[in-house]
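Colleague: Got a structure for you, questions after.
The values are calculated or read from the model by the stated rules, or taken from the named source; none is laboratory data. This one's a predicted model, so the numbers in the text were calculated from it and none came from an experiment. Here the Cβ positions follow ideal geometry from the backbone for every residue, glycine too, while neighbour counts run over all protein chains shown.
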């Protein structure tokens, strides 16, 4: 099938070694393609597969050439091999770029890639049509070199174009990978070393081959060397997980972060921004290259920041209903010189909302507790008079005891009083709940406080008959816009308290006067007074200093609380001064003009 | 009628700040022949009880300044006087709290006159020496000694103060030592037929007794629980 020229012993060894190397290369190529294929979805893997495929074609062509005996056959297979050597440079270049994650330069099969492929494509056509123009080579004939029967050619100008183009692409790719070797992280370095060994072996061989540095048979071994590249890449793949943690991962992580990341240089110009940052700031890709001032104009998040120190602050954009946490982190190079700064924007809108909700829940819980407490108090207050009613009714119903008429009358009178008291409590509870829910209806009209005072004095005359009621007021007071009935209720409550808390025959002084823009009304007694510790709780619901006041039925525990509610809903204030043994003075103020009072009726 | 018909009428102190309730209690209790004392607040109540040593306290929980729970706790520091507590709150935890503090009984407002009188009678009955004095004058088991004549309980020779109800319960248990006594039996015998459903009373009083006579109340050696049935004193 083929014959060997000059079969010296060393020649035969060399011949078989060459053949074996070629076969081995082909097997390694296929194996590497298989490995790379299984990781084809990682960055750079596709370009790598194409490179490996090109090496395979190249090696296959040259292998078949070495086994051919005619010039036509040799030319044909070499041309096939050249097909591979034309594909390899752009594919390798693409791989190196992808591997080093400079995606903006080159990514997949875009127009930049197409541009790179135009020349190899044209050169391939020239190779296959060489017979018509001989731009690639001429004067081809068979010759023997060592153990091989080879085709000898005189290379034309286009061949050298091919060589220069291919080698410059491969050189560029190698430089890119080399660069990655020195700037990359440690893990990547091991990968890069594997890749570099793979890349430079063919180079070294080529230099040896072209410049005849080693006296060896003139036989193209470059594809064999590229198969060593394959071995290096296999090592890279298996040992250093070439495609699993390619440097691109960094970029990918940043691009997929939910936090916005922007990098600025020392001139406060944006040099990089991830999609999250652009989305949060509502900016476009063209933001990159803009200055900080311009960005502040478009998005106020960056207002008042100091990029020379680490800073973390919350930024709320009420008009957008978003809250962000902004971190500014200065970046330094190895010589501790600031080279720029990073801005990390964290969307804390949800967290803020959650906190707000937690506050609301807490408030609701507190309200619920208050309501439960109120309910317990209300039921206690209702049960107390009910206990007397039930008690006396059951007493009267006793069959084992005879009560005299006087006793019976007394019991019935108590039932009657307790029923009234129960009714009063229910009325007070209703008033209280109206105040609580804001459903207290006010029917305000322009009134003179003195008129209200007069009518209350008349109404309570039966109550104050044993006291000395003194009214101190100027002849004229400005009109106030109040609900006379409700203010009357406050007054009678205070007078009632004063009567209950002071001795018969003592003075009760009611005073009304203009103080600034308010009318102040006070009710003073010379009674027992209130303990200082009781004063702060006095206006609380169901707070009673003493249920029993000198043998009389006490209040409902709601009176003062209601007074406060009524006064406050008129825009006024209520307060108390007291001294044990000397008496108490309850005062309330009402604004002469209350602008926000609402009439809820009509 | 009256609770005793003995040489003196039992004296009852009513502690409440509601005058209508006081009037109601006074009228009914006086009609029964009891002598009535009144206190409107805790301090006065404690003073009066110390001075007058009445036979029974009727104590309201809601009082100004010092509440009924506190009065009950203070009273139990030195006195085994029977206490009936009144409350308008009617919550289950109040009841257990009262009994745990050493009260003998508990009534929720509103209540009828007869209801109250029945409880007063039942509590006072426990105080009085029963006619059925046991055959033997005393009971002894390990370090526990009960003298039925003097109604005295000694643990390792030291006297232990028991309220009348606690004493009645212990006496019932030791007289039947070794026998399982059902909840119903004990309630009927110690408290009276009107208390048959009140297992809470029994549980609380057993616990109180254990605290007074057992080494480790949580791991009783003497008063044994027979689950779902009742209790027995070990023999």
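Colleague: Across region B:96-113, which residue is farthest from residue A:394 (Cα to Cα) among those that are away from chain A (no Cβ under 14 Å) and assigned to a strand (DSSP E or B)? Working first, answer last.
Modeller: Going through region B:96-113, the residues away from chain A (no Cβ under 14 Å) turn out to be B:96-106.
Cutting the leftovers down to assigned to a strand (DSSP E or B) gives us B:105-106.
Working: B:105: 21, B:106: 19 Å.
Here the answer is B:105.
Colleague: Also, quick follow-up: What number of residues within region A:31-59 satisfy the criterion of being touching a residue at least 12 places away in the same chain (Cβ under 8 Å) and farther than 16 Å from residue A:81 by Cα?
Modeller: First, pick out the residues of region A:31-59 that are touching a residue at least 12 places away in the same chain (Cβ under 8 Å): A:31-33, A:35-37, A:39, A:42-59.
Checking the rest, the ones that are also farther than 16 Å from residue A:81 by Cα come to A:31-33, A:35-37, A:39, A:42-49.
Looking only at that region, the number is 15.
Colleague: Could you count how many residues in region A:478-510 are within 20 Å of residue A:567 (Cβ to Cβ) and either in contact with a helix residue (DSSP H, G or I) (Cβ under 6 Å, 6 or more places away or on another chain) or part of a strand (DSSP E or B) (or both)?
Modeller: Adding up the residues that qualify gives 14.
Colleague: Counting only residues that are in contact with a strand residue (DSSP E or B) (Cβ under 7 Å, 6 or more places away or on another chain) and part of a helix (DSSP H, G or I), which one in region A:418-449 is surrounded by the most Cβ atoms within 10 Å (Cβ to Cβ)?
Modeller: A:449
Colleague: Just one of the numbered conditions (1) at pLDDT 85 or above; (2) assigned to a helix (DSSP H, G or I); (3) within 11 Å of chain B (Cβ to nearest Cβ) is not true of residue A:403; which one?
Modeller: Condition not satisfied by residue A:403: (2).
Colleague: Could I ask something else about it? Give me a count of the residues in region A:75-90 that are in contact with a strand residue (DSSP E or B) (Cβ under 9 Å, 6 or more places away or on another chain) and crowded, with 21+ Cβ neighbours inside 10 Å.
Modeller: Initial filter on region A:75-90 (in contact with a strand residue (DSSP E or B) (Cβ under 9 Å, 6 or more places away or on another chain)): A:75, A:78.
Those left that are additionally crowded, with 21+ Cβ neighbours inside 10 Å: A:78.
Here the count works out to 1.
Colleague: Now a separate question. For region B:19-95, list the helices (runs of 4 or more DSSP H) that sit wholly inside it and hold at least 2 residues that are closer than 23 Å to residue B:125 by Cβ and more than 14 Å from chain A (Cβ to nearest Cβ); which are they?
Modeller: B:42-52, B:68-76
To keep it simple, each residue is scored yes or no on (1) modelled with pLDDT of 85 or more; (2) surrounded by 19 or more Cβ atoms within 10 Å (Cβ to Cβ); (3) away from chain B (no Cβ under 14 Å); (4) not in a strand (DSSP E or B).
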residue	(1), (2), (3), (4)
A:522	yes, yes, yes, no
A:556	no, yes, no, yes
A:586	yes, yes, yes, no
A:589	yes, yes, yes, no
A:595	no, no, yes, yes
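Colleague: Quick one: is residue A:292 in contact (Cβ under 8 Å) with a residue 24 or more places away in the chain, within 14 Å of chain B (Cβ to nearest Cβ) and either surrounded by 13 or more Cβ atoms within 10 Å (Cβ to Cβ) or farther than 30 Å from residue A:424 by Cβ (or both)?
Modeller: On the way: in contact (Cβ under 8 Å) with a residue 24 or more places away in the chain: yes; within 14 Å of chain B (Cβ to nearest Cβ): no; either surrounded by 13 or more Cβ atoms within 10 Å (Cβ to Cβ) or farther than 30 Å from residue A:424 by Cβ (or both): yes.
Here the answer is no, as residue A:292 does not meet what is asked.
Colleague: Just one of (1) modelled with pLDDT under 90; (2) within 21 Å of the chain's Cα centre (by Cα); (3) more than 10 Å from chain A (Cβ to nearest Cβ) trips up residue B:7, so point out which.
Modeller: So the condition that residue B:7 fails would be (2).
Colleague: Listed residues A:375, A:422; which is under 53 Å from the mean Cα position of the chain (by Cα) and either free of Cβ contacts under 8 Å to residues at least 24 places away in the same chain or within 14 Å of chain B (Cβ to nearest Cβ) (or both)?
Modeller: Numbers: A:422 fails: under 53 Å from the mean Cα position of the chain (by Cα).
Only one candidate passes the filter, namely A:375.
Colleague: Return yes or no: is residue A:410 without any contact (Cβ under 8 Å) to a residue 60 or more places away in the chain, surrounded by 10 or more Cβ atoms within 10 Å (Cβ to Cβ) and under 30 Å from residue A:437 (Cβ atoms)?
Modeller: Details: without any contact (Cβ under 8 Å) to a residue 60 or more places away in the chain: yes; surrounded by 10 or more Cβ atoms within 10 Å (Cβ to Cβ): yes; under 30 Å from residue A:437 (Cβ atoms): no.
Taking the combined requirement at face value, the residue does not satisfy it.
Colleague: Residue A:433 is checked against (1) in contact (Cβ under 8 Å) with a residue 12 or more places away in the chain; (2) more than 10 Å from every other protein chain (Cβ to nearest Cβ) and fails just one. What number does that condition carry?
Modeller: (1)
Colleague: Just to be sure, is residue A:393 under 22 Å from residue B:31 (Cα atoms), at the interface with another protein chain (Cβ under 7 Å from one of its Cβ atoms) and at pLDDT 85 or above?
Modeller: So residue A:393 fails the test.
Colleague: Moving on. Consider residue A:386 against the criteria (1) modelled with pLDDT under 90; (2) within 11 Å of chain B (Cβ to nearest Cβ); (3) within 16 Å of residue B:62 (Cβ to Cβ): it satisfies all of them except one. Which criterion is unmet?
Modeller: In the conditions (1) modelled with pLDDT under 90; (2) within 11 Å of chain B (Cβ to nearest Cβ); (3) within 16 Å of residue B:62 (Cβ to Cβ), residue A:386 misses (1) alone.
Colleague: Out of all the residues in region A:345-367, is one or more touching a helix residue (DSSP H, G or I) at 6+ places or on another chain (Cβ under 9 Å) and away from chain B (no Cβ under 14 Å)? Break it down into steps so the answer makes sense when it comes.
Modeller: Initially, region A:345-367 is screened for residues touching a helix residue (DSSP H, G or I) at 6+ places or on another chain (Cβ under 9 Å), giving A:345, A:347.
From the residues that got through so far, the ones that are away from chain B (no Cβ under 14 Å) too are A:345, A:347.
Yes, some residue in region A:345-367 is touching a helix residue (DSSP H, G or I) at 6+ places or on another chain (Cβ under 9 Å) and away from chain B (no Cβ under 14 Å).
Colleague: Of all residues in region A:483-494, count the ones that are touching a strand residue (DSSP E or B) at 6+ places or on another chain (Cβ under 6 Å) and either closer than 19 Å to residue A:465 by Cα or surrounded by 20 or more Cβ atoms within 10 Å (Cβ to Cβ) (or both). Let's see the steps before the verdict.
Modeller: Within region A:483-494, the subset touching a strand residue (DSSP E or B) at 6+ places or on another chain (Cβ under 6 Å) is A:484, A:494.
Checking the rest, the ones that are also either closer than 19 Å to residue A:465 by Cα or surrounded by 20 or more Cβ atoms within 10 Å (Cβ to Cβ) (or both) come to A:494.
Summing the residues that are touching a strand residue (DSSP E or B) at 6+ places or on another chain (Cβ under 6 Å) and either closer than 19 Å to residue A:465 by Cα or surrounded by 20 or more Cβ atoms within 10 Å (Cβ to Cβ) (or both) in region A:483-494 gives 1.
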